[in-house]
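What follows is a short report on a single structure.
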Amino acid sequence: MKRIRAIILSLVMAMMLFAVVTPTTTYAATTKTPSAVTVTYAKSTACNKVTIKWSKASKATHYRIYYRQKTSSGWSKWVKIKTVTKGTTTYTHTSSAKYPIKAGTTYQYAVRGYNKTYNKAGKYTARKVTTAKHSYGSYTVTKKATCSKAGSKYKICKTCGKKYTATISPLGHSWVENYTTRTVEVPGETVDVRYCSYCSDGPFFTYDEWIEHYANTGHGVYYWSTYTYPSTTKTETYATGRTCTVCKRTENY
Ligand SMILES: [Zn+2]
Ligand SMILES: [Zn+2]
Ligand SMILES: [Zn+2]
């Protein structure tokens, strides 16, 4: 009887112990979820680098770092870049083939506190950052442009080595006009002239000349005639076309 009582007692004690331990275990798991992490700083100092800092989370054994790219319709899927241990609260993401960063592009970075023992990850507040532009050196000309044909050139980013190729517009011709001279005939002009009908004096080319004759002689009557000056020639300069001073192309008008 005593033995049975002892068994029952130990069973009850075991049940009590189980009752105490079980809820405690369950409770402990939920409180082992790390607290929320806020990314407090995100800056891109070069076209291929972003540095972030974040707030500490309680109950985190590690931090998981994520990023995603802004797209035309929103954001791409979150991508985990790295897991670091709890002592770390800053990370510099350098572009790689697996986790690329594009220059001049907007990303979001998020960090989640992670508890490895209980496999729990906390909430996060992400931060937006736009990456720096490429820092190109000066252009190297690979093909010179001519008057009528485009050339090409390239420049290299001093940080990431990206090559940017551009065309050089055609320069356009530098025209100068060509002139030549020719001799042209100027026909004689026909004018009215006056003669004195008394003495046949004349021709008087102007009315004033006639008036002077009248004043000198008193001859008051005159008649009209016409007179044609002799034709002459003159030298004329005119543009015949144009020539480019660079490529020597010639066009005639
Ligand atoms: Zn670059
Ligand atoms: Zn030319
Ligand atoms: Zn007269």
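Would it be correct to say that Tyr222 is within 16 Å of ligand 3 (Cβ to nearest atom), touching a strand residue (DSSP E or B) at 6+ places or on another chain (Cβ under 7 Å) and either among the hydrophobic types (A, V, I, L, M, F, W, C) or more than 30 Å from Thr94 (Cα to Cα) (or both)? Spell out the reasoning first.
Working: within 16 Å of ligand 3 (Cβ to nearest atom): yes; touching a strand residue (DSSP E or B) at 6+ places or on another chain (Cβ under 7 Å): yes; either among the hydrophobic types (A, V, I, L, M, F, W, C) or more than 30 Å from Thr94 (Cα to Cα) (or both): yes.
Considered against the rule, which asks whether it is within 16 Å of ligand 3 (Cβ to nearest atom), touching a strand residue (DSSP E or B) at 6+ places or on another chain (Cβ under 7 Å) and either among the hydrophobic types (A, V, I, L, M, F, W, C) or more than 30 Å from Thr94 (Cα to Cα) (or both), Tyr222 comes out as yes.
Would you be able to say whether some residue in segment 219-228 is closer than 30 Å to Lys143 by Cα, β-branched (Val, Ile, Thr) and touching a Ser or Thr at 6+ places or on another chain (Cβ under 6 Å)? First the steps, then the outcome.
Of segment 219-228, the ones closer than 30 Å to Lys143 by Cα are none.
Within segment 219-228 (the criterion being closer than 30 Å to Lys143 by Cα, β-branched (Val, Ile, Thr) and touching a Ser or Thr at 6+ places or on another chain (Cβ under 6 Å)), the answer is no, since none of the residues qualifies.
List the number of the failed condition for Ala57; all other conditions in (1) away from ligand 1 (no atom under 16 Å from the Cβ); (2) within 13 Å of Ala126 (Cβ to Cβ); (3) among the aliphatic types (A, V, I, L, M) hold. Failing condition for Ala57: (2).
Taking segment 120-142, which residues are without any contact (Cβ under 8 Å) to a residue 24 or more places away in the chain and more than 16 Å from ligand 1 (Cβ to nearest atom)?
Filtering segment 120-142 down to residues without any contact (Cβ under 8 Å) to a residue 24 or more places away in the chain leaves 137-138, 140, 142.
Those that are without any contact (Cβ under 8 Å) to a residue 24 or more places away in the chain and more than 16 Å from ligand 1 (Cβ to nearest atom): Thr140, Thr142.
Looking across segment 154-177 at every residue that is more than 25 Å from Thr94 (Cα to Cα), in contact (Cβ under 8 Å) with a residue 40 or more places away in the chain and surrounded by 13 or more Cβ atoms within 10 Å (Cβ to Cβ), the one that is nearest to the chain's Cα centre (by Cα) is identified as Leu171. Reported count of residues in segment 100-126, each being assigned to a strand (DSSP E or B) and either of a type outside the set (A, V, I, L, M, F, W, C) or not assigned by TED's automatic domain parsing to the domain that holds Ile52 (or both), is 11.
For segment 221-253, how many residues are part of a loop (DSSP other than H, G, I, E, B) and surrounded by 10 or more Cβ atoms within 10 Å (Cβ to Cβ)? Show your work before the answer.
Residues of segment 221-253 part of a loop (DSSP other than H, G, I, E, B): 221, 229-231, 245-249, 253.
Cutting the leftovers down to surrounded by 10 or more Cβ atoms within 10 Å (Cβ to Cβ) gives us 229, 231, 245-247, 249.
Here the count works out to 6.
Hey, any hits in segment 179-198 for a residue that's among the hydrophobic types (A, V, I, L, M, F, W, C), outside any strand (DSSP E or B) and touching a residue at least 40 places away in the same chain (Cβ under 8 Å)? No, because not a single residue in segment 179-198 is among the hydrophobic types (A, V, I, L, M, F, W, C), outside any strand (DSSP E or B) and touching a residue at least 40 places away in the same chain (Cβ under 8 Å). How many residues does segment 146-171 contain that are out of contact with any Ser or Thr (no Cβ under 8 Å at 6 or more places or on another chain) and farther than 17 Å from Tyr136 by Cα? Matching residues across segment 146-171 total 4.
Tell me whether segment 185-202 contains one or more residues that are under 30 Å from Lys59 (Cβ atoms), in contact with a Phe, Trp or Tyr (Cβ under 7 Å, 6 or more places away or on another chain) and surrounded by 15 or more Cβ atoms within 10 Å (Cβ to Cβ).
Filtering segment 185-202 for residues under 30 Å from Lys59 (Cβ atoms) gives none.
No, segment 185-202 has no match at all.
Listed here are the residues, each with its yes/no results for (1) in the same structural domain as Ser148 (by TED's automatic domain parsing); (2) within 16 Å of ligand 3 (Cβ to nearest atom); (3) of a type in the set (Gly, Ala, Ser).
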site: Lys162; (1), (2), (3): yes, no, no
site: Ile168; (1), (2), (3): yes, no, no
site: Tyr214; (1), (2), (3): no, yes, no
site: Ala239; (1), (2), (3): no, no, yes
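Residue count for segment 139-168 under the criterion of being away from ligand 2 (no atom under 16 Å from the Cβ) and within 30 Å of Cys244 (Cα to Cα): the result is 11. Scanning segment 36-80 for residues that are more than 24 Å from the chain's Cα centre (by Cα) and among the β-branched types (Val, Ile, Thr) turns up Val37, Thr38, Val39, Thr40, Thr51, Ile52, Thr61, Ile65, Val79.
The values are calculated or read from the model by the stated rules, or taken from the named source; none is laboratory data. None of these values were measured; they are calculated from a predicted model. We place every Cβ from the backbone using ideal geometry, glycine too, and count neighbours over all the protein chains shown.
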